[in-house]
Structure formats: structure tokens, C-alpha cells
């Protein structure tokens, strides 16, 4: 949580942090500016003190919405510095940041965060570290300050995620109703009003409209895949395929609040009209897996424990899993879940690597998503819900949607 | 253009490049993979050779759409390396990339591109440079390889941008029709059917619906601002303000193809019912400016020359400009334009800094956007069109939309 930042800075012996870059699609900056809607900014924070926002004068009104003290960037006169340095942007950028750090009286270990071209970041931070002996440039490679702070959500953040979930389930419900509303041809394909066959591509267009109508942002697309493509976890769907009775449909939808806010993430598997025996079986195995695992979610447990349980469960049912063969593309082939927040994938991870020592704790918001994949048998299934552990360690399911596999046609 | 990459690598003495990170909102990777819709990937390219895509096996179908030779990442066994390195992700990531580079027989100067957390990039590339004596890690701070290649567009890219423009003008047209369709109260505010006043916030919601209906992606929002907010170039609009006759409305809309593709960017200024004298005057000055500047757009000219002309033009008409005072917030306060492509702002820049030696050339796609801002007089205006210079040096305006200031109410 945001109030953990100072403690987490202390653990990392960081005297200050600099967070910069575009605000959109740059979670640490969104997080600190409360999604103020700026195009680009610097946020500077000393340990134990309030963060300061440095914003373009053209964006001064947006900057106020951050709730942070605002300094307009023209005060540091980048253009003047550029002239002074004969047009050398690297030198001017270093001098510019030096001015800011000096005014904020920052010395010592300074952590840098925020998205940037990796080569530019390497060049700039290497040069900065050399040019300013009074500071030590610190970069973190994993479990960084912001990932750690953002791993636990406040009640308000969890409620925002729940609200995105409400809109997401509305899209799923409307998608199902739309499917049901089609005629079925003799070959069991779905037909549109004009007699053309309904394809996965048509469904993608329809789902995009439904998402927009719910006011959700679509930064990473979604998965609506059928048959063989449903058997490949990340396939978004083969657009030319017709919708057909009795085929597995994997619908995985992961959208966020407009302006770069919080994500939700859910998956349901459907079969139109009826479900063939083999599909019904892997779906039941997945439902049973969910029923075994989720009541055991509890604060203090290692997340990888649930991944191990899932593999063991599926093995018992006769499915290959990545526990025996980490390159398998049949059976259970991914990890059980992931945190959800300003990034679609964040802490906690449920991977079963020996180094994953994450334990569930209050504030975690995460997916649980068992699934089985058999591309060569033309089918796959996955069920994914979001869970939140509140401050009193109570586990809440934030996904309010039924588990029916078969969608009866109307 | 993409075919310039080898030549541009040669100029930079780069033996190879590594482009990595998420694909979405990561233009260099989108560019090389043709927007294949992957979540994350590495692209490796040796000078003079075809690029190779390394993709997650779960995304192998999407990877094929890139048109590049695909290697599945499991081949390099990151999980095994992580175990070997006792869970040290930095060491494992270096060993992983070392395996890839060795297999691709890459040595010498290697440029790194693609978005990443800046601290993580610094840490990783510093460690990589130390660990692999056979390569020299190269990062570029400005005018980098991809910015340079992407500065000029192929005919196909220009046509894609034109098509985004067609959909963008449709949104503007529909927005105008929506405004016209409102009743006007005695105090000259617009009224909705239920008698509530129509606010800027209502217009934002309506415009978002129109954008979605056109199948456009909205990664950076848009500007629909009135009155005083219209006098602040980057203000997105004061949401609680009512729409009112005779007030300047600045509508700046910059959306892109779904899935992270090409942007378009246009601005119109409107006034409902009638235009007050002062607004009509600054609008006419801006129209006249456009009429003076744009016929002079020609291959070989320095872009800053047009910025200087614009400042001179506005000065002659009695407006303050950034040419005299680079901190002014009244009059003409920004630069004349910018390239448009996979980023909303790219090369060519029209800034008038001494170091900007950019000249117009075939393949450039860019905005021209003069405007005047008087926040304290409660008004502002801007007109923005996109231009494309084709291979035969012919200048095309890609924005097909009239310049009427006054929107008559129906």
C-alpha cells in the first residue's frame, strides 16, 4: 500500500526516489499522481517526506488533481540548459535533474523508476551516476519498491477493482446473450441475420463494442477463442473460424478503468447448445480443482503451495502438467494465478519456482485460474476468478458470475 | 522506413540489436513484429540479416503473424537457468540472453531498445555489459535507430494513418451533430432532453462512445475543453462546465488503431451559435497563419523555419509568442507540429531550438497546429491538420474536415 513506501524505501536504504516518464501506461507514476491525466512528469520523493510533482506548465491544471505539491518544470529551464550545453540533450538532461535534486536537497542513494526506452535509461543513468558524485543511482531488477508497495491494495483500490469486475461481468453476460440470439444452421454453425456465418472475428468486433459501452479501456486485447485455438492459452482466437455448437469457447477478458487505472481479469469457458463428453470432462475436472483449492486460500500460506496442489490434483485426474514437464503444451500448462492492479500481472505470483516464497497476505488481489489445454483434440478450458483478502484476512471472491459450461440457444 | 534499418545500424556501428519488453505500447517491438499481438517478446537482428522473433510458446500462433522466423523461448530454458543460479533472476536473465546471443552468433556492438522500468534497465544492462566481454552494450539517448527509421513512412503506413484520420473526422462530425441537437436555455447553456444542463463531462462520455463505435483506441484521452480551459493547451477540459453559446471549444482528438497501431491527431475550434468578436479575431489570425504557412511546406526546408515563421506571423498580429518569452502562457505558446506514427509525438519535430536541424523529407507524416491561448480572457483556439509528403515530394493534407468556427444550432 502507498503508506508502505517509506518503510520500503528504508529497507532499500533509499534516501530518495525519482519516478519519471509518460504517465499513461506507466503504473508507478499513475500510482503516485492518482491518475491525474498528465502526459509526462517527474515525481521526486525523499524518504519520510511528501512527494513533489514536477509538471509541464501546459498541464498545470491536471497536475493539481494529483493532490501533490506541484512545481512547474519551466522553473528549471530545460531549454536554457540545452542552449548552454550546445544542444547536447544528454548533458542538458543531467544538468536539469541536477538542478531539481539540488533544490530538493537530495543526496545519497536515489532509486529511479518509471518506463523508458531501455537503452536511453542505461545511457542516461550511467552518465548521471558519473556526473553527480553526491548521489548514487540505484536501479532495482525485481520485487522493486513499487511492485512491493502495490502488491497489497487498500480497501478503496479493492473496491475500484470490484467495480471494474462488475462492468466486466456485464460484458460477459451481454456476450452470452448475443450468442444465444443467433440461428443455427444444419451444420451447427451460427448464422447472422443476413445469412452469413458468425465468426470469431465478428465476435471480437461485437465484444469490443460491448467493452466500450461499459466504459472500459482495452490496452491488451482479450481472448475469445474456439476449438483448437481455445487449447492454446494465449491465442486470442482464430478470427476466420465459425461459431459452432459443441465447441469449447474460452473467453478471457482483462480490461481496466479508462485513463490507465485498475484492471480486472476473468475467464469463462462455454459450449453452445451442448457439450461433448470430452469437453464436459475437462471442464468438470477444472471446476472440481477450483472447489478443492479456493476454500483453502488463507493468509500466511505460500502461493506456490496452491500451484503444487493444482498440479497434483490434475495429475490424479490423469492430465499432464508442467510439474512433470515444464515444456508441456497439453494438460495444465501455466501457473495458477497472479496479482491484479495497475498492471494486469503483478505480485503475488503463484509460480512454483523454488525462489517464489510469496505468502498470501491482507490486501492481496489476485486471480485463481486453473485450466486444461488439448489443442490437438481441438479443445481447452479455463475458469478464472479474482479474489481479495481484506484487512481482517477474510477472502472475498470479486467475480460474480456463474460457472455454466453449456449456453442453451434461444 | 523499415528498409532503412540496416543502413541506420551501419551509421551507428551496431553489429546487432535486441528489442524486448511488452509488445503493447512498445512501438519498436510493434514495428518489428507488425503488431502481431504478443504480450512480450525479444526480437534479435544482426546487421544485414533478417530479424528473429523469440516468443513464449503459449503465443506461438500470434508470433507467426509477425512474418518473422520464430523461435520459442522455452528452447533457452529460463526456468532451468533460474534454478542453476539459485533463484537469482538477474544472473539467470543474463545467462538467458547470453544463450540467445551465442546461438545467433552475435558479438560486438549491440544496441538495446524497447520500454522497460528505467532502474531495471540500468541494472540489467550494466551487469550484462560487465558479464559478457564479447559484446558492448549500446544505448541511445536521442534520435535513436527506431525514431530515425520510423520518421519516414511507407505509402502503406501513410494510408493506414489516413484511414485512422477518416474515422477520426467521423467522430468530430458526429460530435458536432450531437451538440447541434440540443435545446438552448435562456442563459445560453445547452440543455439535455431531461432538462439537465449539458456539461463538458457529458461530452467526454459521449465522445468516448463515438470513438469506440469507430473502432479507435484511446490510449491518451483527448481534449474537449471550453472557455478558460480552452486557453490552456493541454487541459483536457473542466468536466463540470456547462456548454454555452459563444464560448471557444477546443476539440483535439488523437486516437490510434486498436492493438497499439498508428495514431492520427487533429484539432478544431468551435463556437456554438455565434462567435464573440475577440474569439472570431484570434481564430481568423490562426486561419490566416495556416494559409500562409502550409503552402510553403516543401522537402528540404528546415522544420524550425516554419516555427519561426509562425511566431513572426503572430507577432505581426500583436500576439505574444514563445519566440520572445519562452515561458509565456498567453498567445502562441507551443511548437508548430510533430511527427505522427506509432507514437503520438515523433520525428520530425518543429521546435525552434538551435539544435533542431530537421528538414522535411519524403515519407514524413506530421501535424501543423497553430493556436492562440488567452486563459485569462476565457478563450483559446487551435487548428491542427496532418500532412504527408509522398515519395515524389508531393505534400498531401490527410485531414479532410472544414474550418468553420461557428456551429449553428438546429
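Remarks
- Two-site FRET efficiency, residue A:136 against residue A:99, from Cβ-Cβ distance with R₀ of 25 Å, rounded to 0.05: 0.85
- Largest first, the three principal axis extents of the alpha carbons in the protein assembly as shown are 83, 65, 57 Å in whole numbers.
- Inter-label distance, nm, simple model (7 Å from Cα along the C-beta direction), residue B:325/residue B:280: 2.9
- Gaussian network model of chain A, springs between alpha carbon atoms under 10 Å - residue of A:386, A:340, A:200 with greatest fluctuation: A:200
- Among A:182, A:42, A:255: highest mean-square fluctuation, GNM of chain A, C-alpha pairs under 10 Å: A:182
- For the axis carrying chain B to chain A: nearest C-beta residue of B, whole Å: B:212, 1
- Three principal axis lengths of segment B:154-211 [C-alpha, angstrom, descending]: 53, 16, 14
- Average partner coverage of B:258-267, which counts Cβ from other chains inside 10 Å: 1
- Binning the C-alpha pair distances of segment B:192-308 at 10 Å intervals from 0 yields a P(r) profile of 12, 34, 32, 19, 3, 0 %, listed from the shortest bin outward.
- Based on the Kirkwood approach, the hydrodynamic radius assigned to segment B:2-149 is 15.6 Å, with every pair of different Cα atoms included.
- Take each residue in B:136-146, count the other chain C-beta atoms within 10 Å of its C-beta, and the mean is 5.
- Distances in nm from residue B:299 to the matching label points in the other copies, shortest first (labels 7 Å along Cα to Cβ): 6.9
- Distance from segment A:179-257 to segment B:220-290 (C-alpha centre basis), Å: 37
- Exam field: residue B:99 pseudo-label spacings to other copies (7 Å along Cα-Cβ), nanometres: 4.8
- Against chain B, whose longest principal axis comes from its Cα atoms, helix B:277-293 is set at around 50 degrees.
- Choice from B:327, B:284, B:361 showing the highest fluctuation, given a GNM over chain B with Cα pairs closer than 10 Å: B:327
- Rounded to 5, percent antiparallel among DSSP beta bridges of chain B: 75
- Between helix A:118-131 and chain A: long-axis angle, C-alpha atoms, 0 to 90°, nearest 10: 20
- Three-way shape call for segment A:167-255 based on the alpha-carbon gyration tensor, with the a/c threshold at 1.5: oblate
- Mean separation of Cα contacts under 8 Å (6+ apart) over length of chain B, as relative contact order %: 15
- Label point of residue A:400 set 7 angstrom out along Cα-Cβ; within segment A:143-182, amide nitrogens under 20 Å from it belong to A:155-177.
- By DSSP, the beta bridges lying fully in segment B:2-149 are antiparallel in about 50 percent of cases.
- Using R0 = 30 Å, the C-beta based FRET efficiency linking residue B:196 and residue A:410 works out to 0.20.
- Within segment A:7-39: backbone nitrogen closer than 14 Å to the residue A:107 label point (7 Å, Cα to C-beta): A:15-16
- P(r) for chain A, from all Cα pairs and a bin width of 10 Å, is 5, 20, 26, 21, 15, 9, 3, 0 %, short bins first.
- Cα centroid of segment A:90-127 to Cα centroid of segment A:12-83, whole Å: 13
- Taken as Cα centroids, segment A:146-167 and segment A:373-408 sit 18 Å apart, rounded to the nearest whole angstrom.
- Overall, the anisotropy analysis places segment A:327-410 in the oblate class: the square-rooted eigenvalues a ≥ b ≥ c of its C-alpha gyration tensor yield a/c not less than 1.5, with a/b not exceeding b/c.
- Calculated FRET efficiency, residue A:170 to residue B:393, Cβ-Cβ distance, R0 = 45 Å: about 0.30 to the nearest 0.05.
- The same position residue A:361 in the other copies lies at 5.3 nm from this copy, comparing label points 7 Å beyond Cα toward the beta-carbon, shortest first.
- Net length available on complete extension from residue B:205 to residue B:84 is 38.3 nm, with 0.36 nm assigned per residue and the Cα-Cα distance removed.
- Cα-based helix-to-principal-axis angle, B:303-316 vs chain B, degrees rounded to 10: 20
- Look at the alpha carbon pairs under 8 Å that are at least 6 residues apart: their mean separation over the length of segment B:1-81 gives a relative contact order of 23 percent.
- Considering only alpha-carbon pairs that sit under 8 angstrom and 6 or more positions apart, the relative contact order computed for segment A:171-227 is 30 percent.
Just so you know, all these numbers are worked out from the coordinates, no wet-lab data involved. This one's a predicted model, so the numbers in the text were calculated from it and none came from an experiment. A quick note on method: Cβ atoms are made from the backbone with ideal geometry, for glycine too, and the neighbour counts reach across all protein chains shown.
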